[in-house]
Amino acid sequence: MNLRNAALAASMALIAATAQADVKVGMITTLSGGGAGLGIDVRDGFMLAVKQAGRDDLEVVIEDDQRKPDVAVQLADKMIQSEKVDVLTGIIWSNLAMAVVPAATAQGKFYLSPNAGPSPLAGKGCHPNYFNVAWQNDNLHEAAGAYATDSGFKNSFVLAPNYPAGKDALTGYKRFFKGELAGELYTKLGQTDYAAEIAQIRASGADSVFFFLPGGMGISFLKQYAASGVDLPLVGPAFSFDQGVLQAVGDAAMGVKNTSQWNKDIDNAANAAFVESFQAEYGRLPSLYASQGFDTANLLISAMDKADVADADAFRAALKAAEFDSVRGDFSFGDNHHPIQTIYVREVIKEGDVFTNKIIATGLSDHVDAYGAECKM
């Protein structure tokens, strides 16, 4: 058994030992296939916080959605109807979130998102029982657009996968980028060959490239882009420059600027302790996704300290208060239950043999998402 699996087994054994949990959490996340690294990191961050809290009134049931909306819906139905969970969490992909969250909250369940933040759930489709602990999908891309403008870029080529988060990504970038677009492309979700897109970039006359291609898509694109000889500056969100991605991409990512609300060098006690304990538990540096899973669990635990989940109004108020030590530092929710937070600009560097990021600037301070005004609750 490897270190990661042994640590998870120990964590799950701790939770399973409880005779009767007062709060039952259903985690539906991606643990297999091309996006597995994201879900594994969310799971591991969440379970680390649960283990550290030492609670005997919390049970976590974990299932793999295989990055398939129909599977996610089936799992959510099972967890709500058979497992009788109080809280759902874990979904990585926005198309899966749109398939699961509205139905879950309509049935009175709380949903805490550790990642996906599609715009409909921040605006007209908001719900009192839905809290996003990561970001609204546009946010990191908005900061990238602001950074590109501040850097003097005038003519960006932009591309993203054709699914809700991809559309939110380009919308966010364009909202804050003050130049022109040399080209705009939506690629296939899960695509691995970007030769045609890189050829279009080469011929476009662009002075910069913005892309949102999370997980394995970003690995493929960055390697192919580096091999192509196209030397236009790249700007992107953290999703294509996170710990797991960087080790797979290698030197092709060096020096690239990317945006994130978290990094391992954010200077606060909670973050320093998280980075150290995550490495000790799992034998690797934490990622953005791990930090989001960790914060999500600690938000939940903070609400459990103040209210009974059976008292929905009180528990909702306890979640909204967000009285926990976030690894990001200051953390609060807007009226639509999405974070108000600072988003940083990072640069890919190498520390010894490990590729990682360092913060070099602030992209947007105390940023509020663009859809809150549409939320009526």
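Hey, can you tell me all the residues within region 68-89 that are in contact with a helix residue (DSSP H, G or I) (Cβ under 7 Å, 6 or more places away or on another chain) and within 28 Å of residue 212 (Cβ to Cβ)?
From region 68-89, those in contact with a helix residue (DSSP H, G or I) (Cβ under 7 Å, 6 or more places away or on another chain) are 69, 72-73, 76, 80, 85, 87-89; that's our starting set.
Correct list: 69, 72, 73, 76, 88, 89.
When region 86-115 is examined, which residues are found to be part of a loop (DSSP other than H, G, I, E, B) and either surrounded by fewer than 24 Cβ atoms within 10 Å (Cβ to Cβ) or of a type outside the set (A, V, I, L, M, F, W, C) (or both)?
Step one: of region 86-115, the residues part of a loop (DSSP other than H, G, I, E, B) are 86, 90-93, 107-109, 114-115.
86, 90, 107, 108, 109, 114, 115 - these are the residues of region 86-115 that are part of a loop (DSSP other than H, G, I, E, B) and either surrounded by fewer than 24 Cβ atoms within 10 Å (Cβ to Cβ) or of a type outside the set (A, V, I, L, M, F, W, C) (or both).
Among the residues of region 131-184 satisfying the criterion of being of a type in the set (Ser, Thr, Tyr) and surrounded by fewer than 24 Cβ atoms within 10 Å (Cβ to Cβ), which is modelled with the lowest pLDDT? If you could, list the steps in order and put the result at the bottom.
The first filter runs over region 131-184 and keeps only residues of a type in the set (Ser, Thr, Tyr), leaving 147, 149, 151, 156, 163, 171, 173.
In the following step, the residues that additionally are surrounded by fewer than 24 Cβ atoms within 10 Å (Cβ to Cβ) were identified as 149, 151, 163, 171.
Working: 149: 97, 151: 96, 163: 91, 171: 96.
Top of the filtered list is 163.
In the list 354, 368, 345, which residue meets the criterion of being in contact with a Lys or Arg (Cβ under 7 Å, 6 or more places away or on another chain) and either surrounded by 14 or more Cβ atoms within 10 Å (Cβ to Cβ) or touching a residue at least 12 places away in the same chain (Cβ under 8 Å) (or both)? Talk me through it step by step, then tell me what you get.
Numbers: 354 fails: in contact with a Lys or Arg (Cβ under 7 Å, 6 or more places away or on another chain); 368 fails: in contact with a Lys or Arg (Cβ under 7 Å, 6 or more places away or on another chain).
Exactly one of 354, 368, 345 is in contact with a Lys or Arg (Cβ under 7 Å, 6 or more places away or on another chain) and either surrounded by 14 or more Cβ atoms within 10 Å (Cβ to Cβ) or touching a residue at least 12 places away in the same chain (Cβ under 8 Å) (or both), namely 345.
Mind counting the residues in region 284-328 that are in a loop (DSSP other than H, G, I, E, B) and over 21 Å from the mean Cα position of the chain (by Cα)? If you could, list the steps in order and put the result at the bottom.
So the first thing to find is which residues in region 284-328 are in a loop (DSSP other than H, G, I, E, B), and the list is 284-287, 305-311, 322-325, 327-328.
Narrowing the set further to residues that are over 21 Å from the mean Cα position of the chain (by Cα) leaves 305-311.
Qualifying residue count for the region: 7.
I'm trying to understand the selection: among the residues of region 90-137, which are of a type in the set (Phe, Trp, Tyr) and over 25 Å from residue 214 (Cα atoms)?
Filtering region 90-137 down to residues of a type in the set (Phe, Trp, Tyr) leaves 93, 110-111, 130-131, 135.
The answer is 110, and nothing else.
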Legend entry - Selection count where residues are without any contact (Cβ under 8 Å) to a residue 24 or more places away in the chain and of a type in the set (D, E, K, R), scope region 309-329: 3
Legend entry - Residue selected from region 51-74 under the condition among the aliphatic types (A, V, I, L, M) and crowded, with 23+ Cβ neighbours inside 10 Å, by the criterion farthest from residue 271 (Cα to Cα): 72
Inset, instruction - Would you be able to say whether some residue in region 156-167 is charged (D, E, K, R) and assigned by TED's automatic domain parsing to the domain that holds residue 234? - result: yes
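Kindly indicate which of 348, 368 is outside the structural domain of residue 110 (by TED's automatic domain parsing), under 22 Å from residue 173 (Cα atoms), touching a His at 6+ places or on another chain (Cβ under 9 Å) and modelled with pLDDT of 95 or more. Please lay out each step first, then the result.
Details: 348 fails: touching a His at 6+ places or on another chain (Cβ under 9 Å).
Being outside the structural domain of residue 110 (by TED's automatic domain parsing), under 22 Å from residue 173 (Cα atoms), touching a His at 6+ places or on another chain (Cβ under 9 Å) and modelled with pLDDT of 95 or more holds for just one of 348, 368, which is 368.
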Inset, instruction - Test residue 301 against the stated conditions and say whether it is of a type in the set (Val, Ile, Thr) and within 23 Å of residue 137 (Cβ to Cβ). - result: no
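Being out of contact with any strand residue (DSSP E or B) (no Cβ under 9 Å at 6 or more places or on another chain) and more than 16 Å from residue 236 (Cβ to Cβ) is the requirement here; does residue 195 meet it?
Details: out of contact with any strand residue (DSSP E or B) (no Cβ under 9 Å at 6 or more places or on another chain): yes; more than 16 Å from residue 236 (Cβ to Cβ): yes.
Here the answer is yes, as residue 195 does meet what is asked.
When the residues of region 201-216 are filtered to those that are without any contact (Cβ under 8 Å) to a residue 60 or more places away in the chain and buried (at least 16 other Cβ atoms within 10 Å of the Cβ), which remaining residue is nearest to the chain's Cα centre (by Cα)?
In this case the residue turns out to be 213.
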Inset, instruction - Quickly run through region 291-337 and pick out the residues that are touching a Phe, Trp or Tyr at 6+ places or on another chain (Cβ under 9 Å) and on the phi > 0 side of the Ramachandran plot. - result: 322, 337
Legend entry - Unmet requirement for residue 34, which otherwise passes all of (1) within 25 Å of residue 280 (Cα to Cα); (2) of a type outside the set (Val, Ile, Thr); (3) part of a loop (DSSP other than H, G, I, E, B): (1)
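Collect the residues in region 1-39 that are modelled with pLDDT of 95 or more and either surrounded by fewer than 23 Cβ atoms within 10 Å (Cβ to Cβ) or hydroxyl-bearing (Ser, Thr, Tyr) (or both), keeping them in residue-number order. So that I can check it myself, show each step before the final result.
Residues of region 1-39 modelled with pLDDT of 95 or more: 23-32, 39.
Within region 1-39, 23, 24, 29, 30, 31, 32 meet the criteria.
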Inset, instruction - Kindly check whether there is at least one residue in region 334-347 that is more than 17 Å from the chain's Cα centre (by Cα), more than 17 Å from residue 112 (Cα to Cα) and not in a loop (DSSP other than H, G, I, E, B). - result: yes
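Have a look at 219, 266 and point out the one that is under 26 Å from residue 114 (Cα atoms), β-branched (Val, Ile, Thr) and either surrounded by fewer than 19 Cβ atoms within 10 Å (Cβ to Cβ) or modelled with pLDDT under 95 (or both).
Details: 266 fails: either surrounded by fewer than 19 Cβ atoms within 10 Å (Cβ to Cβ) or modelled with pLDDT under 95 (or both).
One residue alone meets the criteria, 219.
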Legend entry - Any hit, region 124-143, residues being more than 18 Å from residue 25 (Cβ to Cβ), among the aliphatic types (A, V, I, L, M), part of a helix (DSSP H, G or I) and free of Cβ contacts under 8 Å to residues at least 40 places away in the same chain: no
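The values are calculated or read from the model by the stated rules, or taken from the named source; none is laboratory data. For clarity, every value in this text was computed on a predicted model and none was experimentally measured. Neighbour counts run over all protein chains shown; Cβ positions are idealised from the backbone, glycine included.
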